[in-house]
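In what follows, a single structure is set out as structure tokens and then discussed.
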Amino acid sequence: MARKGALRLIQGVREGRSLGDQTGALRSLPVADQARAARLAAETLRHQGRADRVIEGLVNRKPAPQIADVLRLAVVEMLELGAPGHGVVGAAVDLTRTLGARGQAAAGMVNAVLRKAAAFEGWADLPPQPLPDWLRGPLVDAYGDAVMQAIEAAHQQGAPLDLTLKPGATPVPGAEALPTGSWRMTGPAQVSTLPGFEAGDWWVQDAAAALPVRLLDPQPTERIADLCAAPGGKTLQLAAAGARVTAVDISEGRLRRVTENLTRCGLTADLVAADVLDWRPEAPFDAILLDAPCSATGTIRRHPDLPFIRDGHGIAELIELQAALLDHALTLLRPGGRLVFATCSLIPDEGEVQVAEALERHPGVTVDSPDLPGIDPAWITEEGGLRLRPDYWSDRGGMDGFYMARLRTPS
């Protein structure tokens, strides 16, 4: 059942739907099979390029898309996840036969190809899944081919589970401290069963995603706005620091998730459902966090479906929106106030360029030099921001790609 669910998810991605948008497709499965199906689908997408290399050497002609997905799913399950070949091959043949007349005709081929694939040697030496041309080209221009290959290798490794602890909370057993203050689980973990989850002692948040709030340096009783706040990890950080937080997001549904997380963690914030560009508070803020909508290209190691469902369309509009949000957010600050602009993007036009152009538009606004524990000086950019990449901390499991900078208005 899990394999059939995984195939359904993969085919949904081919049709342009993200894995996250397809959770309803698995509701008929037992909970354990839902989790397994999601993992199989994600791993197949993450390693599709390697699986295709194996398959191409074993077929005479390119299989139909549905058959190709069955082959990829089985190859990844055997060669990456270590499942016994005989069971995987048999299940793949049975799954193929459910795909109508074309599947019935292809069952013998699938059986023969996968029996050979089960004995394939050299899986670990195959190059990782390449990024699509619309993204790879600009990133090679920005970082060089060697860095691009390191980023793709980091994407292949996936993402470990990182936690942000409330001040004074006990670290979770099995987690190790990271240099920047986050904690990383060293092995597989089911979030809801970990010690401290029910008590709200921590929340899941990639180490890179936790840094914008640390860069903002919230102080007790400060009035701080978290703009584009959902799903709320940064709102929790701000509230845990003792700030008086106003969290603004355009989606009421997404804000409900923020409410749930605040309640679990015993924290409070004022939640506002509004378009940030149309929203203006009664009084200016001491500080603002703007985690702006972006291409999310820094999160591919945890969202391997993203390269398959995006084609680069709409990034120019996102860049315009980011600039408008940044300009508006600066008007909501008191004199001498500070604003952290952040995006989970690898594209410089959504980060370094965005801030450099904002400084030109706003004379007197400056960038504070980052001074945080665990920061490598090489991460600091020319305009004074922080550029984080998935290949950083490769010996620890990497981090999401992020850009952030702390701006300060004139006093």
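The values are calculated or read from the model by the stated rules, or taken from the named source; none is laboratory data. Just so you know, these numbers come straight off a predicted model, no measurement behind them. So basically every Cβ, Gly included, is an ideal-geometry build from the backbone, and we count neighbours across all protein chains shown. Areas reflect the complete protein model, heavy atoms only, side chains present, ligands, DNA and RNA absent. Shrake-Rupley method; radii C 1.70, N 1.55, O 1.52, S 1.80 Å.
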task = For the chain, set up a Gaussian network in which alpha carbons nearer than 10 Å are linked by springs, and say which option among VAL191, VAL245, VAL110 fluctuates the most.
result = VAL191
query = At a 1.4 Å probe radius, carbon and sulfur cover how many percent of the accessible area of the chain?
reply = 51
ask   = Calculated from DSSP H runs of 4 or more alone, at -39500 (n - 2.57) each and per residue, what is the 222 nm mean residue ellipticity of the chain, nearest 500?
value = -12500 deg cm²/dmol
query = What's log10 of I(q)/I(0) for the stretch 1-104 at q = 0.14, 0.19, 0.20 Å⁻¹, Debye sum over Cα points only, no solvent?
reply = -0.50, -0.95, -1.06
remark   = Measuring from its Cα centre, the chain shows a charge dipole (+1 at each Lys and Arg Cβ, -1 at each Asp and Glu Cβ) which, in debye to the nearest 20, is 1640
Paramagnetic reach from SER18 in the stretch 346-367 [backbone N under 17 Å; point 7 Å along Cα→Cβ] = 346-347
task = Name the lysines eligible as straight-distance cross-link partners of LYS234: C-alpha to C-alpha under 18 Å, and not fewer than 8 places from it in the same chain.
result = LYS166
Potential lengthening between THR366 and ARG102 on full extension [0.36 nm per residue; Cα-Cα distance subtracted] = 88.7 nm
key: Estimated vicinal HN-Hα couplings, Hz - the stretch 158-171 in sequence order (Karplus 6.51, -1.76, 1.60; Gly, Pro = x)   = x, 10, x, 8, 10, 10, 10, 8, 5, x, x, 6, 7, x
Relative contact order %, the stretch 161-409, counting alpha carbon pairs below 8 Å whose residues are six or more apart = 19
inquiry  = Under 8 Å for C-alpha pairs, at least 6 residues apart: give me the relative contact order for the stretch 1-125, rounded to a whole percent.
reply    = 23
key: Signed unit charges on C-beta, dipole axis of the chain, positive-most listed residue THR299, ALA175, LEU40   = LEU40
task = Between the alpha-carbon centers of the stretch 77-141 and the stretch 219-297, tell me the distance in whole angstrom.
result = 43
GluC sites (Glu not before Pro) within the stretch 172-277, DSSP loop, no more than 10 other Cβ atoms inside 10 Å = GLU198
task = Compute the accessible area per residue over the stretch 1-125, keeping the other protein chains in place, probe 1.4 Å, unit Å².
result = 51
query = How big is the chain on each of its three principal axes, counting only the C-alpha atoms and giving the largest first in Å?
reply = 74, 46, 38
task = Using R₀ = 41 Å, calculate the FRET efficiency as 1/(1 + (r/R₀)^6) where r is the Cβ-Cβ separation of ASP376 and VAL31; round to 0.05.
result = 0.50
message = Using DSSP to call loops (not H, G, I, E or B), can you name the trypsin sites (Lys or Arg not before Pro) in the stretch 11-71 whose Cβ has at most 10 other Cβ atoms within 10 angstrom?
response = ARG27, ARG61
note = A convex hull over the alpha carbons of the stretch 254-336 yields, per residue, a volume in Å³ of 148
ask   = For the chain, modelled as a GNM with alpha-carbon contacts under 10 angstrom, which of PRO30, PRO138, PRO307 fluctuates the most?
value = PRO30
task = Give, rounded to the nearest 20 debye, the magnitude of the charge dipole that the stretch 192-292 has about its Cα centre when Lys and Arg contribute +1 at Cβ and Asp and Glu contribute -1 at Cβ.
result = 120
query = Charges only on Cβ, +1 for Lys and Arg, -1 for Asp and Glu: so what's the dipole of the stretch 1-125 about the Cα centre, in debye to the nearest 20?
reply = 300
inquiry  = Projecting each Cα onto the charge dipole of the stretch 161-409 (Lys/Arg +1, Asp/Glu -1 at the beta carbon, about the Cα centre), which of TRP379, ALA199, TYR403 comes out farthest on the positive side?
reply    = ALA199
message = Which trypsin sites (Lys or Arg not before Pro) in the stretch 357-411 sit in a loop by DSSP (not H, G, I, E or B) and have at most 14 other Cβ atoms within 10 Å of their own Cβ?
response = ARG396
